Ligand SMILES: Cc1ncc(C[n+]2csc(CCOP(=O)(O)OP(=O)(O)O)c2C)c(N)n1
Ligand SMILES: [Mg+2]
């Protein structure tokens with residue numbers, strides 16, 4: 001049974017669908033497909049030993065990053081966790097430099113020093129990729145404080161997973177954001193698992209998170225994270241509200257990672273039926289189907305997008321492969337900012 | 001003797017303790033159904049049930065603290081962290097509670113608990129996941145701190161750690177989980193605070209602990225090729241430190257090399273070297289050589305990580321330049 005809220009959401013989505021320009025919709029699709037292809041290339045290159053360390057893929061969750069980040073402007077900050085490739089690409093970080101970072105190359109976003117879990121691009125106000133679970137919450141509060149203090153008009157979007165809500169920093173930051181009226185949109189990507197722990201085992205309060213947020217006096221809602229247009233609409237509502245009235249908001253996106261937590265995960269903790277159920281809602285499959293059936297795009301246009309994206313990804317792998325490793329002297333650079 | 005890998009040896013100690021003492025229980029993230037991030041506790045949930053193998057939320061401060069509370073009330077919790085880097089999230093609990101409770105209460109409260117955690121760099125996990133905080137934790141009075149380098153020591157030390165009535169940090173070199181070694185069939189324990197002479201020698205003492213012992217192995221091979229006889233010393237315990245064994249070795253070789261795979265600045269070897277100079281300066285023929293990781297955040301790139309990590313080449317070079325010239 002759909003709840004009232006969901007019904008209302010659906011209506012909004014319908015309006016949204018007709019009001020969005022074709023180019024906008026194609027771009028949403030293109031970005032999701034780009035992320036998917038990027039992740040597949042990462043997995044392949046992890047197997048080949050070109051990408052190392054821990055690798056957490058975003059496969060299945062593309063609609064969340066793409067739908068939400070499409071509502072932001074260049075004054076807005078983004079922070080996220082280690083499953084950060086999708087957010088980075090949706091924010092428009094250079095595909096070549098992102099891939100090169102994963103290859104640990106000098107041409108990477110962080111000159112090969114950060115790796116998959118620690119992506120940064122301060123020019124795009126993409127303030128990381130944070131690999132300690134819960135570490136990004138206070139950072140979001142501080143960035144938002146600066147936006148508020150300097151009256152930049154910018155807001156902060158803080159992405160996080162269901163598992164991270166058990167860290168103190170989550171609760172402490174919700175509280176602080178509320179009492180200081182900080183312009184933060186908290187976006188929970190509820191993919192039902194934190195590593196091997198399903199939320200019903202590690203969370204008190206049921207499978208919905210947004211309901212618990214009222215404790216902190218923060219407006220919160222929930223959206224189908226597999227539906228890029230729904231995510232976009234829900235984010236837009238929240239972002240508009242923050243920009244107009246100040247103070248934080250909270251959006252829970254119900255989503256799913258189709259693959260293991262990292263490439264080292266055998267997924268003993270969940271049944272393949274569950275994965276299959278969610279795979280049937282794959283935004284990369286469903287959204288273009290809908291675009292075609294609604295007469296917004298034809299198969300040929302879709303094929304062209306796909307072809308272009310695949311070339312872009314291949315180029316990024318070539319770029320990363322042919323790039324140099326950082327020089328040894330880089331080891332001691334970037335520890336302090338030098339001043340006279 | 002039987003051959004075992006490090007991971008199995010640690011698991012064996014856990015299993016025995018669970019069997020022998022009903023007050024022992026294990027808690028940590030994904031240690032049950034998932035089997036542990038490094039598969040150390042794989043199968044224990046099935047065998048001992050969820051009452052004793054407790055999966056926790058991602059709440060290090062709280063489940064470390066809960067371990068301390070449970071210990072204060074008479075249980076013997078073994079808390080697993082997925083990485084010693086995550087100890088930072090629970091640092092206040094470890095230092096201020098586990099470390100200080102006994103002293104502040106004038107000896108009324110005991111905290112018989114073990115915190116196990118993988119430690120160290122070397123697999124390109126980058127700055128947040130590659131640190132070696134056993135060197136920080138070894139400074140805290142009231143807490144013991146050990147770090148095995150092989151399956152035999154892992155088994156013996158963990159047995160003792162779980163039986164000990166004080167908090168023990170049990171650091172497990174992540175690089176070594178799959179490493180093999182001989183383990184005695186008969187029951188044995190290894191006391192906390194006892195270093196191990198891995199190999200006797202006359203010309204030079206080389207000491208380290210944990211993953212650093214693999215570097216020493218390489219160094220030793222190169223020295224043997226030049227007919228230099230090194231005495232190899234594995235600290236095993238960072239608090240307390242076995243100065244007696246160190247003293248005997250120095251009195252024999254009069255030369256000391258100290259290797260640390262964590263950052264050199266403020267590392268445990270800084271403490272050791274200065275104390276050794278205070279105590280045994282007269283027995284030393286030359287400067288103590290100290291080699292650690294570079295004082296930088298751990299980089300992701302493999303070449304840079306290698307450059308930050310103390311290599312056997314760097315050690316050899318220093319030995320020849322400063323001690324054997
Ligand atoms: C403080 C800390 N504890 C544990 C970990 C290990 N770890 C990394 S990701 C993760 C699960 C997080 O799950 P969730 O927040 O739901 O995000 P998801 O991976 O599902 O995107 C864990 C336990 C860590 N990186 N940091
Ligand atoms: Mg999750």
For the residues B:129, A:171, what sequence is obtained by ranking on other C-beta atoms within 10 Å, fewest first?
-> A:171, B:129
Rounded to whole angstrom, the alpha-carbon centroid of the stretch B:220-263 lies from that of the stretch B:59-99 at a distance of 32
Find the centroid of the Cα atoms in the stretch B:271-325 and in the stretch B:1-52, then give the distance between the two in whole Å.
-> 36
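So what is the calculated 222 nm ellipticity per residue for the protein assembly as shown, using -39500 (n - 2.57) for each DSSP H run with n of 4 or more, over all residues, to the nearest 500 deg cm²/dmol?
Dividing the helical sum by the residues of the protein assembly as shown leaves -12000 deg cm²/dmol.
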Which one of B:99, B:32, B:107 has the biggest mean-square fluctuation once chain B is modelled by GNM with Cα springs under 10 Å?
-> B:107
What translational D, rounded to a whole number of µm²/s, comes out for chain A from Stokes-Einstein when the hydrodynamic radius is the Kirkwood one over Cα pairs, at 4 °C and 1.567 mPa s?
-> 63
If one takes the longest principal axis of the Cα atoms in chain B, at what angle in degrees, from 0 to 90 and to the nearest 10, does the Cα axis of helix B:60-72 lie?
-> 80
Measure nothing but the geometry: give the 0 to 90° angle between the long axis through the Cα atoms of B:151-163 and the longest principal axis through the Cα atoms of chain B, rounded to 10°.
-> 50
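From other protein chains only, count the Cβ atoms within 10 Å of every residue's Cβ in A:107-117, then give the mean.
The per-residue average across the peptide is 5.
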More than 16 Å apart: what percent of Cα pairs in the stretch B:215-266 qualify?
-> 52
Expressed as a fraction of 2.2 N^0.38 Å, the rule-of-thumb size for a compact globular protein of N residues, what is the C-alpha radius of gyration of the protein assembly as shown?
-> 1.04
The stretch B:54-123 - percent relative contact order, Cα under 8 Å, separation 6 or more = 41
Cβ crowding within 10 Å averaged over residues, with A:26-33, A:48-55, A:326-333 ranked highest first | A:26-33, A:48-55, A:326-333
Using a Gaussian network model of chain B with C-alpha springs under 10 Å, which one of B:55, B:42, B:303 is most mobile by mean-square fluctuation?
-> B:303
How high is the relative contact order of the stretch B:196-323, in percent, counting Cα pairs under 8 Å that sit 6 or more residues apart?
-> 27
Normalized C-alpha radius of gyration of the stretch B:2-183, against 2.2 N^0.38 Å?
-> 0.95
Percent of alpha carbon pairs in the stretch B:196-323 separated by more than 25 Å?
-> 18
Shape descriptors of the stretch A:20-165 over alpha-carbon atoms, Rg and Dmax in angstrom, are 15.0, 48
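How crowded by other chains is B:61-67, given as the mean number of beta carbons from other chains within 10 Å of each beta carbon? Could you put the intermediate results ahead of the total?
On the way: counts 4, 3, 1, 0, 0, 0, 0.
Mean partner-chain Cβ count within 10 Å for B:61-67: 1.
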Plugging the Cβ-Cβ distance of residue B:324 and residue A:106 into 1/(1 + (r/R0)^6) at R0 = 56 Å yields, to the nearest 0.05, a FRET efficiency of 0.90
Most exposed first by the Cβ proxy, i.e. fewest other Cβ within 10 Å, how do B:21, A:94 rank?
-> B:21, A:94
Expressed as a whole number, the average count of other chain Cβ atoms within 10 Å around the Cβ atoms of A:118-126 is 1
Chain A, relative contact order in percent, only Cα pairs under 8 angstrom and at least six apart counted | 23
Whole-angstrom gap from the stretch B:190-206 to the stretch A:289-337, using each part's C-alpha centre = 53
Ranking of B:145, A:147 by count of other Cβ atoms within 10 Å, fewest first = A:147, B:145
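No lab work stands behind these numbers, since they all come straight from the coordinates. What you see is a predicted model, and the numbers here were worked out from it, not measured in a lab. Every residue, glycine among them, receives a Cβ derived from its backbone with ideal geometry; neighbour counts consider all protein chains shown.
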